[in-house]
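The values are calculated or read from the model by the stated rules, or taken from the named source; none is laboratory data. Quick caveat: nothing in here was measured; it's all calculated off a predicted structure. Quick reminder, even Gly has a Cβ in these numbers, built from the backbone with ideal geometry, and neighbours come from all protein chains shown.
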Amino acid sequence: MRLEIVKTGINGEGIGFFKRKPVFVEGCFEGELVDADLKDEGNHYTGTLRHIVRKSDRRVVPKCRHCFKCGACALMELDHRKQLDIKKELLQGALYKYAKIDEELDDIFPSKKIFGYRNKLNLPVIEHEGRLYNAIYKKGSNHPCLIEDCPIHEEGLEKMRKQILDVLNRHHLKAYERHEKKGIRQLIVRGFGKSYQAVLVTGSDVLQEDLVKDLKKIKHLDSLFQGINTVRDPVRLMPDKLRCLFGRQKIEMKAGDYKLLLSPQAFFQLNLKQAERIYGDAAAMIQGKKKLIIEAYCGIGAISMYLHDKAEKIIGIELIEKAVRDAQDNAKLNGFDNLEFRADDAAKEVRRILAKEKADVLIVDPPRTGLDDELIVTLLKSKIDQIIYISCNPATLGKDLDLLKQKYQIARIQGYDMFPNTPHVETVCCLYHQKKDFISVPYEPKNVE
Ligand code: SAH
């Protein structure tokens, strides 16, 4: 079937139409004419790309040879300007679809680095011709794509990954075998140029002392952990309990002016430079000194550090206990005694706090699923003056804004490119309670390029 591709889907796929139903085709872009085999899926078709009859003039040679097979960087074959335009369209489209927001958005803030921005990897380990490799499974596929090089990984991270695999191969380690419940299953590495922290997720193996000794010799590998996971199809591969094989429990890094400690279990933003920009911009949205700011879904508390002088008291809420302990240590490390962190569900703890005291500002930075219904109900009943919503998923942001706008006025929506070459968009949205007459938007981005 010959199709005209007219737009881009949320996973970076091309969309055309056949018999008035959308056809989703991976590997092609807006403006292209393609031949594809169609499969009827009810309300839409999926198309398998056969041939590109007319190519987009926005195509570039991808920097990664695994690009199509891996699937993580669905926009890598487009020039960067076009990628940003697509992200803006995706954000605009979701906000209109779910919240009927139709104002023209400003352009997406680009990332300083287009490649080499990712500070963490979390990849399966598989065996190929007797050697261990990292691999990636494209969504919905069980054919692994071997990763030889990844240009998205920060240079030092990529080097560290290869050195660790080399040592594992020198010691003839095997990939995980689910019947025996033994072998190396996943490699997780995080680091920031000079210091790296790695986790080997394994079966019920004991890692030999001479192997650990050789891993310890890798320059800048400051800590190594082992996590045993023999669950068949786990939701998360990294278990909660890790054994430290050597080095410090936490890695130390800097975001803006603030020192931060991170445990391997704690979430931290993957593109540090762009995260710093978002944190700084979110802080600039808060005018004057407040009494109480709540930061829900706070992770290791990075945003609270940026806000330390914006309120008499800041309460951060986070589900993962290890991350909460990191956040508490981070407040101490930076000498801030007005920050308090609590390990709990965001919706429950916000409700509890608001039952006792008034919060001036609430910052939320939820996972892709967006805000819990319970939290939205609490917010609609509350009189928090300002909400700053940091989102990594335009669809759930749109759905949540549609509800929040019953009581809150949307003052600003700004998209950021946190993950160049992928279709993901990060958004910061500033809302004010309608009881106040906020006409002008007190927001001046600090670091516009
Ligand atoms: N703002 C932080 C982390 C954002 S990621 C940063 O910039 O680093 C979202 C965080 O929400 C994760 O740390 C996750 O563990 C946490 N989380 C997920 N569900 C939660 C819930 N129901 N209540 C509180 N925290 C939650």
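Side notes on the structure shown:
- The residue that is nearest to the chain's Cα centre (by Cα), counting only those in region 209-233 that are surrounded by fewer than 17 Cβ atoms within 10 Å (Cβ to Cβ) and in a loop (DSSP other than H, G, I, E, B), is Asp233.
- In region 357-393, of all residues being closer than 20 Å to Gln414 by Cβ and away from the ligand (no atom under 16 Å from the Cβ), the one that is nearest to the chain's Cα centre (by Cα) corresponds to Gln386.
- Listed by first and then second residue, the pairs linking a residue in region 253-268 that is under 19 Å from Leu221 (Cβ atoms) to a residue that is in a loop (DSSP other than H, G, I, E, B) and of a type in the set (Ser, Thr, Tyr), with Cβ atoms under 8 Å apart and 6 or more places separating them unless they lie on different chains, are Met253/Ser195.
- Some residue of region 278-295 being of a type in the set (D, E, K, R) and under 15 Å from the mean Cα position of the chain (by Cα): no
- Identity of the residue in region 293-327, among the aliphatic types (A, V, I, L, M) and part of a loop (DSSP other than H, G, I, E, B), that ends up farthest from the ligand (Cβ to nearest atom): Leu307
- Single condition Phe336 does not satisfy, out of (1) of a type in the set (A, V, I, L, M, F, W, C); (2) away from the ligand (no atom under 13 Å from the Cβ); (3) part of a loop (DSSP other than H, G, I, E, B); (4) within 21 Å of the chain's Cα centre (by Cα): (4)
- Some residue of region 268-285 being near the ligand (Cβ under 9 Å from one of its atoms), in a loop (DSSP other than H, G, I, E, B) and either surrounded by 20 or more Cβ atoms within 10 Å (Cβ to Cβ) or of a type in the set (A, V, I, L, M, F, W, C) (or both): yes
- Of all residues in region 43-73 being out of contact with any Leu (no Cβ under 8 Å at 6 or more places or on another chain), among the aliphatic types (A, V, I, L, M) and modelled with pLDDT of 95 or more, the one that is farthest from Glu30 (Cα to Cα): Val61
- Residue ID - farthest from the chain's Cα centre (by Cα), chosen from residues in region 394-434 that are of a type in the set (Phe, Trp, Tyr) and more than 15 Å from Ile101 (Cα to Cα): Tyr432
- Odd one out for Ala255, checked against (1) more than 29 Å from Asn421 (Cα to Cα); (2) crowded, with 22+ Cβ neighbours inside 10 Å: (1)
- Residue match in region 128-136 (condition: more than 23 Å from Thr230 (Cβ to Cβ) and crowded, with 19+ Cβ neighbours inside 10 Å): no
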